[in-house]
1. What ³J(HN,Hα) values, in whole Hz, does the Karplus curve 6.51 cos²θ - 1.76 cosθ + 1.60 give for segment 113-122 when θ = phi - 60°, with x put for Gly and Pro?
2. Fewest to most neighbouring Cβ within 10 Å: what's the order for 5, 159?
3. Neighbouring Cβ atoms within 10 Å as the yardstick, rank 2, 117 fewest first.
4. Would you calculate the separation in nanometres between label points at residue 24 and residue 147, each defined as 7 Å from the Cα along the Cα-to-beta-carbon direction?
Amino acid sequence: MDKRVIGYFADNGQAEEALRELKEKGFNEISILGNEKGDKSDSRARDNNSSFAGTLSNGTMTGGAIGGLAGLALGAGALFIPGIGPILALGPIAAALGGAVTGGIGGALIDYGIPADRSDFYETKIKEGNTVMVLKADEQKTDEVAKILRAHGAQDVRVH
């Protein structure tokens, strides 16, 4: 049975490293949500915020490693969410955010299998400028995914 593993990164560079390792290990259903506020604790990450988005967009669009190319081509990119502002959404959850104007990011996370209280928590983290990563993984692989996220600095990593 598939589970969701979710966590957030204050440093976009760490999120990018985690994404790279997860892709190398064959995990494909990875979604990333972040806004343009950037990292508050690491000036290097703040300076690289736009390159992070560019790297993710270019890397996933050309490589097709996250989700299918068709899904990414239609569902990835920048969206404007009232109360949050412009966000970058990549991966399977990006399509769900098409309706986020009414349900918000929290609603999209709920639809993706994250409990309501945790969805609200992660929406707040995105508003604060953090990057949220959520993966769909086989139940036997959730510990591996959580370990990779934590090894790269993910905070509040949970399995649902």
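1. Rounded to whole hertz, the list is x, 9, x, 4, 5, 6, 4, 4, 4, 5.
2. Numbers: 5 26, 159 15.
Least crowded to most crowded, the residues run 159, 5.
3. Details: 2 12, 117 9.
Lowest to highest Cβ neighbour count: 117, 2.
4. Roughly 1.5 nm, to one decimal.
Computed from the coordinates by the stated procedures, all read-outs in this text should not be read as laboratory data. Treat the numbers as computed from the prediction; the structure is a model and nothing was measured. All Cβ positions, even for glycine, are placed from backbone atoms using ideal geometry, and neighbour counts span all protein chains on display.
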